[in-house]
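Written out below as structure tokens is the structure these notes cover.
The values are calculated or read from the model by the stated rules, or taken from the named source; none is laboratory data. In this text the structure is predicted, and so the values were computed from the model without any measurement. Don't worry about glycine lacking a Cβ; one is built from the backbone with ideal geometry, like all the others, and counts go over all protein chains shown. Side chains included, ligands, DNA and RNA excluded: accessible areas come from the protein's heavy atoms. Shrake-Rupley method; radii C 1.70, N 1.55, O 1.52, S 1.80 Å.
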Amino acid sequence: MAEETLTTIRGTLERITFHNEENGFTVARLTQTGDAGDLTTIVGHLSGVPAGSTLALSGWWVKDARHGLQFKVKQYALEKPNTLNGMERYLGSGLIKGIGPRFAGRIVRHFGLETLDVLEKSPDRLDEVQGLGRKRIARIKSAWQGQKHIHEIMIFLQSQGISATFAVKIYKTYGGDALNIVQANPYRLAEDIWGIGFKSADRIALSMGIAGQDARRARAGLLFALGEAAGDGHCYLEQAKLISLCRTLLDPDEELAGFQTMVGAEIPLLAADKKIVADEERIYPAPLFYAEMGAAAILRALASFPPSYPPVQLDLELSRAAERMGVTFAPEQREALKTALQNRLAIITGGPGTGKSTILKGLLLILAAKGVKIELAAPTGRAAKRLSEACGREARTIHRLLEYDPSLRGFKRNSEHPLRADLIVVDEASMLDIVLANSLFKALAHGAGLLLVGDADQLPSVGPGNVLRDCIDSGVFPVARLTRIFRQGEGSLISTNAARINLGQPLELLPDYQGNKDFYFIKRDDPAEIEQEIRTLCSGRLEKKFGFDPLRDIQILTPMRKGLIGSDNLNKTLQQTINSRGTSAETGPGWSHFFVTDKVMQIRNNYDKEVFNGDIGFVTAKDEEEQTITVDFDGRAVHYETADLAELVLAYAITVHKSQGSEFKCIIVPIHTCHYALLQKNLLYTAVTRGKKLVILIGSLKAVAMAISNNRVEQRNSRLTERLRNGN
């Protein structure tokens with residue numbers, strides 16, 4: 001039939017065979033009302049409607065060359081099911097939190113065809129159903145009312161491809177006013193709802209009739225461009241660059257002069273609203289400007305005063321510490337210790353195996369004997385755990401050290417309530433972004449010292465700024481540079497090759513598994529062969545040869561997300577390889593993508609749950625009734641509802657950027673010329689230095705050589721170095 005023939009069909013959604021979480025596009029199978037024959041294939045934006053729903057769908061019949069006759073959905077409406085089976089499937093689909101398949105069956109068996117009327121008009125009668133319990137009944141009543149609001153939002157957003165997951169988030173954020181707020185200014189979605197970007201909000205706005213040159217659109221475009229720049233590590237954009245990006249985003253065909261007038265008019269208004277700061281021709285998101293200014297002022301003040309610790313007889317104390325530790329400090333280690341002991345702010349930088357941990361142990365030993373109170377911290381949980389193991393005393397994440405309070409949406413520790421410590425030691429300082437760094441610096445007590453320890457040759461922080469590198473480049477602070485490798489066992493190549501990468505020298509590589517080394521190269525020139533090699537290594541070969549647990553000991557680090565050997569595809573492959581339960585015939589909402597024992601990673605800071613961008617954990621439970629999963633993060637159980645699952649991704653394979661601050665027993669790095677844009681020296685260096693016992697590169701020698709020879713480091717827009725040198 002022709003697509004122009006608009007028609008309406010009704011039926012029950014039997015199963016979802018494909019669902020794109022990003023845009024809501026769905027392929028599903030429907031049993032049409034009154035039709036006992038074959039299932040009907042429907043395609044369109046169904047906004048995450050669960051299987052079991054009864055639908056009225058308007059659209060066209062189309063003949064697909066590959067898949068045959070399909071119904072292309074233009075719009076739809078949820079209808080109340082009118083059969084017992086339909087009601088049971090509807091309630092048990094996960095649409096109503098607290099009712100899964102088991103309890104749905106009990107409720108429908110008790111109330112029969114009156115079930116939905118009972119929920120709507122007499123929900124207190126749920127206590128007639130055996131086994132529900134008061135708490136569950138209260139949750140069901142609340143969820144039923146909330147679901148009605150969510151349904152209104154879903155109907156409004158369905159043609160825009162916004163999924164049910166985001167409809168829940170919108171409702172949680174705005175409450176009963178959600179529909180009014182979205183209709184009044186859909187661009188607020190991009191500002192307030194994590195995961196909904198400007199482009200989705202813009203699509204909704206334009207479909208609602210908001211003009212292309214509307215001030216709300218220009219304002220949202222400016223903030224989006226600045227947010228994207230911050231995601232790329234920049235603290236600011238030059239105004240001309242910002243306007244150019246906005247023009248590309250909003251209307252590339254508009255004449256530049258007119259566009260500059262329209263967008264430029266919003267800059268002072270956003271500044272007046274304290275959303276941005278115009279620093280001459282540099283446009284900052286306001287939080288980044290004040291963080292950069294604040295960090296520079298505090299660091300300059302720290303550098304201008306000597307430490308407040310009791311005096312130390314350096315040579316004597318260093319000798320005593322070495323004797324107690326059973327080591328001999330090399331000359332550059334002694335100099336690093338002296339630098340840390342003589343200055344209120346000092347930096348120690350060096351690669352793996354250069355003795356940073358030994359220096360920290362010596363420092364703690366000397367200062368603890370003098371009664372100096374020291375706090376150890378790192379930007380991530382994994383880095384803090386490593387620091388604690390290396391030093392033999394508690395280390396915390398910076399977020400926990402500063403005592404984040406969800407009710408305040410901020411840290412309890414600040415300039416008014418500083419940390420009770422004489423010295424703060426921050427390991428993996430290359431991971432410090434400007435906002436977190438400023439929060440930490442503000443919380444230093446009067447007279448307290450600061451020691452930054454890290455590897456400046458690694459990739460910079462995921463967040464905006466390049467704090468460690470900027471501090472070193474400023475020349476304002478004493479820096480101890482460690483170059484000699486100490487941690488190199490008999491025949492070890494990991495530290496040696498890391499140093500070779502830094503020097504731009506060819507690696508010492510062994511093909512396949514020749515010799516008894518800790519660093520191997522497996523030559524595979526085709527991405528499909530690399531993918532297959534990774535799969536076989538993780539399916540038993542490495543476990544058999546080295547005893548590595550494929551789930552907990554082996555980590556795949558790849559330069560990028562996309563492509564056959566990117567993290568997205570490798571995660572699907574490895575979930576099926578390593579976790580046999582990680583297979584499904586259907587691709588449904590996020591909840592169904594995760595299985596017990598899956599390795600997962602948090603991809604944004606969630607202060608309420610106290611899990612942060614880059615934290616890795618393991619799924620320990622999956623509740624079908626509640627539609628929740630539980631993830632273990634280093635011994636701490638964290639619960640995720642369906643609306644939270646966009647914050648989690650599989651982590652069998654992760655990007656090199658996400659691996660910062662971590663250490664794994666075995667790492668496998670696919671490296672191929674298809675990664676051309678990201679083949680850089682500091683990326684390969686960061687990847688290799690994550691391996692503790694074994695590093696395996698799989699790919700082409702040409703790609704390895706390209707990475708080592710590419711010393712280009714993308715510059716980040718930051719004025720921290722300048723502010724440190726010259727003041728604010």
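Once the Kirkwood radius over Cα pairs is known for the range 638-696, the Stokes-Einstein relation at 37 °C and 0.692 mPa s delivers a diffusion coefficient of 247 µm²/s.
On full extension of the chain, what length is gained from Glu416 through Val596, given 0.36 nm per residue of separation minus the C-alpha to C-alpha distance?
Values: separation 180, 0.36 × 180 = 64.80 nm, distance 4.44 nm.
Difference between extended and current length: 60.4 nm.
Which value does Rg/Rh take for the range 183-280 over its C-alpha atoms, Rh per Kirkwood?
Working: Rg = 12.8 Å, Rh = 13.7 Å.
Result for the range 183-280 is an Rg/Rh of 0.93.
For Lys275, the lysines whose Cα falls under 19 Å of its own Cα, not counting residues fewer than eight places away in the same chain, are Lys241. With the highest mean first, a sort of the peptides 370-379, 211-220, 556-565 on other beta-carbon atoms found within 10 angstrom per residue produces 556-565, 370-379, 211-220.
Of the whole protein surface, Ser388 contributes about 40 Å² of accessible area at a 1.4 Å probe radius. Centre-to-centre separation between the Cα atoms of the range 353-371 and those of the range 251-329: 28 Å.
Using a probe of 1.4 angstrom and keeping all protein chains present, the accessible surface of the range 96-148 works out to 55 square angstrom per residue.
Ordering His234, His110 from largest to smallest accessible area (1.4 angstrom probe), what's the sequence?
His110, His234
Each of Ser308, Met87, Gln145 was scored by the projection of its Cα onto the charge dipole of the chain, and the greatest displacement toward the positive side belongs to Ser308; charges sit on the C-beta of Lys, Arg, Asp and Glu. Taking a ≥ b ≥ c as the square roots of the Cα gyration tensor eigenvalues, the range 443-487 comes out oblate, since a/c reaches at least 1.5 and a/b does not exceed b/c.
Within the same chain, lysines fewer than 8 places from Lys169 are excluded, and of the rest, those with a Cα less than 18 Å from its Cα are Lys97, Lys148, Lys199, Lys609.
Using the Cα coordinates of the range 195-243, the gyration tensor eigenvalues translate into equivalent-ellipsoid semi-axes of 23, 13, 6 Å, sorted from longest to shortest. Across all directions, the average flat footprint of the convex hull enclosing the Cα atoms of the range 61-131 is 6.6 nm². Evaluating 6.51 cos²θ - 1.76 cosθ + 1.60 at θ = phi - 60° for every residue in the range 283-299, the Karplus couplings come out as 10, 9, x, 3, x, 6, 4, 5, 5, 5, 4, x, 4, 5, 5, 5, 5 Hz, glycine and proline recorded as x.
Antiparallel versus total DSSP beta bridges in the range 273-420: what percent is that, nearest 5? Show your work: numbers first, answer last.
Details: 6 of 9 bridges.
The antiparallel fraction comes to roughly 65 percent.
Placing unit charges on the Cβ atoms only, positive for Lys and Arg and negative for Asp and Glu, gives the range 94-145 a dipole magnitude near 340 debye about its Cα centre. Close amide H contacts of Gly212 (hydrogens built in the peptide plane, cut-off under 5 Å, sequence separation of 5 or more or a different chain): none are found.
Of the solvent-accessible surface of the range 595-702, computed with a 1.4 Å probe over protein heavy atoms with every protein chain present, carbon and sulfur atoms account for 51 percent. Work out, step by step, the length gained on full extension between Ile181 and Ala301: first 0.36 nm times the residue separation, then minus their alpha carbon distance; give nm to one decimal. Length gained, Ile181 through Ala301: 38.6 nm. Cα-based values for the chain, radius of gyration first and Dmax second, are 28.7, 93 Å. The residues of the range 290-406 present an accessible area of 42 Å² per residue when probed at 1.4 Å with all protein chains retained. Here the scattering of the range 211-333 is modelled by Debye summation over its C-alpha atoms, one equal scatterer each and no solvent; at q = 0.14, 0.15, 0.20, 0.22 Å⁻¹ the log10 of I(q)/I(0) is -0.67, -0.73, -1.07, -1.20.
Would you work out if the range 29-73 is rounded, prolate or oblate? Take a ≥ b ≥ c from the square roots of the eigenvalues of the alpha-carbon gyration tensor; rounded if a/c is under 1.5, else prolate when a/b is larger than b/c, oblate otherwise. Oblate shape, in that a/c is at least 1.5 and b/c is the bigger or equal ratio. Between the amide H of Gly449 and those of Leu423, Ile424, distances stay under 5 Å, these residues lying 5 or more places away or on another chain, with hydrogens modeled in the peptide plane. Taken over the range 303-445, the alpha-carbon convex hull comes to 117 cubic angstrom per residue. In terms of its Cα atoms, the range 371-483 spans 42, 33, 29 Å along the principal axes, sorted from long to short. Could you tell me what % of all Cα pairs in the range 65-105 have separations over 13 Å? Tail of P(r) above 13 Å: 63 percent of Cα pairs.
The value obtained for the range 421-531, namely the Cα convex hull volume divided by the number of residues, is 173 Å³ per residue. From Cα pairs below 8 angstrom and at least 6 apart in sequence, can you work out the relative contact order of the range 304-448, rounded to a whole percent? Averaging sequence separation for qualifying contacts and normalising by length gives 22 percent for the range 304-448.
In percent, rounded to a whole number, the relative contact order of the range 180-338 is 16, using alpha-carbon pairs under 8 Å and six or more apart. The modelled label-to-label distance between Arg604 and Ser58, using points 7 Å beyond Cα along the C-beta direction, is 3.3 nm. The Rg/Rh ratio for the range 606-713 is 1.08, where Rg is the radius of gyration of the alpha carbons and Rh is the Kirkwood radius. The accessible surface of the range 310-463, taken with every protein chain in place and a 1.4 Å probe, is 46 percent carbon and sulfur. In this structure, the amide hydrogen of Thr655, modeled 1.01 Å from its nitrogen in the peptide plane, lies closer than 5 angstrom to those of Thr558, counting only residues at least 5 positions away or on a different chain.
Suppose we keep just the DSSP beta bridges with both residues in the chain; what percent of those would be antiparallel, to 5? Numbers along the way, then the final one.
On the way: 55 of 96 bridges.
Bridges in the chain that DSSP calls antiparallel: roughly 55 percent.
Please find the FRET efficiency linking Asp526 to His639, where r is the Cβ-Cβ separation and R0 is fixed at 41 Å, and quote it to the nearest 0.05. Efficiency for this residue pair is about 0.45. Under the criterion of Cα pairs below 8 Å and six or more residues apart, the relative contact order for the range 407-558 equals 15 percent.
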